[in-house]
Amino acid sequence: MRLPLRRRSRRTILAAAAAVGLAAGGCTVGAGSPPLATGTNLAVVQSLHDALPQAIKDAGVIRFAGDSHPPYRTVAPDGSVTGIDADFQAAIGQVLGVRTRTTVVAGLPAALQGMLGNRYDAFNGPVKATAEREKQFDTITWMTTRTAYVFPTGSTAGIARVEDLCGKRVAVVTASVVEDQLNKLSRFCTESKRPATRTVGLDDTDATLLATRSGRADAAGMTEAAAIDVTQRQGGNKYVTQTEAQGATKDDLALYVPKSSKLGPVLQKVFEELFQDGTYVGIMSRWGLNQVSVPKPVLNAASQG
């Protein structure tokens, strides 16, 4: 669905392209002006550009932190970043009339500390929105998730259902929403007189999958969207999904921005634009994530509960 002509006429005529690149060792790799993967180019909303913090307007770029986490972010050997996050960043940059740049970091703690240290402006997760973190960060919820556990098809660990993970070694990204879900699964195990799960904490999703292939872990925990991508793209894997009876919850996943930057309310309005003009639905559909989409973006959802 496109915006009505009357509303679109208030937008700046020329669309600004968003550069999605990888910063490494102090330089940017893969800088350019790509459109969204869907081929869409969005017009600048001048009022939102004008509302940006002065530092970002002066720099002309929003600096995103991002760990390797397919299908959200897939880092190619040449350093280029593709995936859901890249599509949303391109859309955000186009609407705001600035470039976007991704620096690949080692997991959530590095992203959060980097934002607080003013090395990055935002992190698009997937990160659970929590009231505790919203004391320092504005969060914009744009999807939900359930947790799944991936294991090799030829595994001899005897995993056919989630209960079979009790007593097993499960690799997860440290400090992620999945680690929290695994802790709930472990409590389910002990309460049902089964052995607790054993957590293998690692830096990113690729590392968790490598751990299962090398035998250091029996399964890799990740969002269900990532599990679907892994099993379809790589093959040779299966997954099971944690249920409510096993402690699972459907968590709000959000983009994070330091409160001190004043960027959060602007990005909330950008997401409202993307929801209204159909871009959000288009991106989520392209990546097969309609089942975890939300009806509207929510600013600081955890603090509102």
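Nothing in this text is a laboratory measurement; each read-out follows from the coordinates by a stated rule. Please read these numbers as outputs of a predicted model, since none were measured by experiment. Note: ideal-geometry Cβ built from the backbone for every residue, glycine included; neighbour counts use all protein chains shown.
Points worth noting:
- Cα gyration tensor shape of segment 140-258, rounded if a/c is under 1.5, else prolate or oblate by comparing a/b with b/c: oblate
- Taking each residue as 0.36 nm, the span from residue 153 to residue 245 lengthens on full extension beyond its C-alpha to C-alpha distance by 30.6 nm.
- Full-extension gain in nm, residue 296 to residue 259, via 0.36 nm per residue minus C-alpha separation: 11.2 nm
- The share of alpha-carbon pairs in the chain lying farther apart than 35 Å comes to 19%.
- Applying a DSSP loop filter and a limit of 10 other Cβ atoms within 10 Å to the trypsin sites (Lys or Arg not before Pro) in segment 125-183 leaves 161.
- Here the extension length gained between residue 131 and residue 187 equals 17.9 nm, from 0.36 nm per residue of separation less the Cα-Cα distance.
- Distance in nm between pseudo-label sites at residue 216 and residue 285 (7 Å out along the Cβ direction from Cα): 4.1 nm
- Spin-label pair residue 47/residue 303, simplified geometry with 7 Å Cα→Cβ offset, distance in nm: 2.4 nm
- Packing, as the average of other Cβ atoms within 10 Å across residues, places the peptides 188-198, 257-267 in the order 257-267, 188-198, highest first.
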